[in-house]
Every structure is written in C-alpha cells, then in structure tokens.
Amino acid sequence: MMEENQKPQHKVKLRFQPTGCTILHEDQDIIVVEKVSGLLTMGSDSERTKTAYQHLTHYVKKGNPKSRNRVFIVHRLDKDTSGVLVFAKTEAAKVFLQTEWQSFSKKYIAVVEGTLAEKEGIIESYLTENSIHRVFSVQNPNKGKFAKTGYKVLRESKHYSMLEINLFTGRKNQIRVHFAEHGNPVAGDRIYGIKGKGVKRLALHSASLTIQHPFTKKEMTFETGIPGFFKQLLK
C-alpha cells in the first residue's frame, strides 16, 4: 500500500515479470517490490543469477539485451527475510536514497522464540563481524558499528512472540543478532537461532518502509501484510 496516489503501471508481458518479486510501485526513479523469503537481494559467491537484482534488471530491460535500463541496489534484505525492498532506476536516485537511508522509517514483523519480560523496549549495541561473516555485539564503540533496535510485542503464545520492530539503524543481521543475544532468537534462524526446531523459514518480514522520493521529495509509505505462516506459529 502507498499513501499517495500512484500512477497506473504499464502492463508487462508475463514472461518479463520479476520472479520472486511483487511490484508495489514503479516510476521513472524507483521500483519498490515485495521480495519472497529465499531470494537473495544481490549476487553472492555461490549464486549470481537467481537474485532480486537480476530479476528486476531483466524486467526493466523487457527482454532487450541492448537496453540501457537498469536498477541500482539501495539496500538489502537477507536472503531468508521477506518484504519491502527498494531499488533505484538512476544513479542519482540511488545516491539520494542511500544518503538519507538512516532517516527513513523501517518497520519489521518478526516471530521470536519464547516470551519477553519487557513487552516494549530498545536494544542497543555495537556490531562487528568475524572472519566467517558471523555478526556479534561488542562493548567497545571503536570495534563495532552502533546498532539500535526498538520493539513491541504484538501477540504471544507459550513458545513464541510476534513483535513489531522499528529499525533505527540498518546493520547487517542486526535484528537477528540483537534478539538472539537477548535470548529470543528469530524463529527459523539457522545461523543465530535454535536449529532443528522444524520452523520452515526465517520468521522476519520487512512490513513497512517510509522514504522520501528522490525526485519529488514527497514522503511515501509502502506496506505489506503479515505472512500467514507467522500467525500459524502462534496458534
């Protein structure tokens, strides 16, 4: 959903539709999608082609390999995180969005293991990464990047809690690390969480993003629903 009226999108042939991405908004400067869980934002050492970036590049080129149309990566979602993802369609739009990124409102929905004693709060730490790309908190501000995560419990059951999360900073694996170190790892997190629990996917979803449009400078909010799987975990 978008708060301001959006222009009608051009109909695109089915074979050019981006795999794993539902287009929420598109104009000459940006393209906003809802990414599925299991799809990389951009290429890795093991996967170069099955990414949101490649699928959207194919989409904007409309099958013409000589087309100069392309997308630019603004931010990333982890492979197993679903939800709102923004790409720029010009270099200028990319620079503006990345420069202003920390000021934008980013809300996530997560299901975490167990229940939290404090039903609303803020987690802060300095995050760093080791040689095997595992992120963790350190106390020394000179050895990590400041990370701040706000949360509020929406629902809870005997084994799980559903949280609304306000991401004040955008560090790698920030939400997953903060709640794992808090004793409540995100359900389905095979890196920082509890293995062998039978949860089929990471229960983390980028639910809402508010940005300033790089050209019009108008505030735009994009929202998606809570995945049904998350609700099933709390039954």
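What the table shows:
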item	result
Filtered residue count, the stretch 58-89, keeping only those that are touching a residue at least 12 places away in the same chain (Cβ under 8 Å) and either closer than 24 Å to Tyr108 by Cα or crowded, with 16+ Cβ neighbours inside 10 Å (or both)	22
Any hit, the stretch 178-189, residues being in a strand (DSSP E or B) and over 12 Å from Val111 (Cα atoms)	no
Extreme residue, farthest from Asp78 (Cα to Cα), among residues of the stretch 130-140 that are modelled with pLDDT of 95 or more and not aromatic (Phe, Trp, Tyr)	Ser137
Options Leu209, Leu202; residue that is crowded, with 17+ Cβ neighbours inside 10 Å and assigned to a strand (DSSP E or B)	Leu209
Number of the exception - Gly114 against (1) touching a helix residue (DSSP H, G or I) at 6+ places or on another chain (Cβ under 8 Å); (2) farther than 21 Å from Gly43 by Cα	(1)
Residue match in the stretch 198-207 (condition: over 20 Å from Glu34 (Cα atoms), out of contact with any Cys (no Cβ under 9 Å at 6 or more places or on another chain) and basic (Lys, Arg))	no
Residue within the stretch 148-158 that is over 22 Å from Pro227 (Cα atoms) and modelled with pLDDT of 95 or more present	yes
Filtered residues of the stretch 1-54 (kept if in a strand (DSSP E or B), at pLDDT 65 or above and not polar (S, T, N, Q))	Cys21, Ile23, Leu24, His25, Glu26, Ile30, Ile31, Val32, Val33, Glu34, Lys35, Leu40
Qualifying residues in the stretch 171-191 (those that are surrounded by fewer than 20 Cβ atoms within 10 Å (Cβ to Cβ) and more than 12 Å from the chain's Cα centre (by Cα)) - the one nearest to Ile226 (Cα to Cα)	Arg190
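To keep it simple, each residue is scored yes or no on (1) more than 22 Å from Ser157 (Cα to Cα); (2) over 21 Å from the mean Cα position of the chain (by Cα); (3) at pLDDT below 95.
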{"residue": "Gly193", "(1), (2), (3)": "no, no, yes"}
{"residue": "Gly198", "(1), (2), (3)": "no, yes, yes"}
{"residue": "Arg201", "(1), (2), (3)": "no, no, yes"}
{"residue": "Thr210", "(1), (2), (3)": "yes, no, no"}
{"residue": "Pro214", "(1), (2), (3)": "yes, no, no"}
{"residue": "Glu219", "(1), (2), (3)": "yes, no, no"}
{"residue": "Glu223", "(1), (2), (3)": "yes, no, no"}
{"residue": "Gly228", "(1), (2), (3)": "no, no, yes"}
{"residue": "Leu233", "(1), (2), (3)": "no, no, yes"}
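The values are calculated or read from the model by the stated rules, or taken from the named source; none is laboratory data. Please read these numbers as outputs of a predicted model, since none were measured by experiment. Note that each Cβ is placed from the backbone with ideal geometry, even for glycine, and that neighbours are counted across all protein chains shown.
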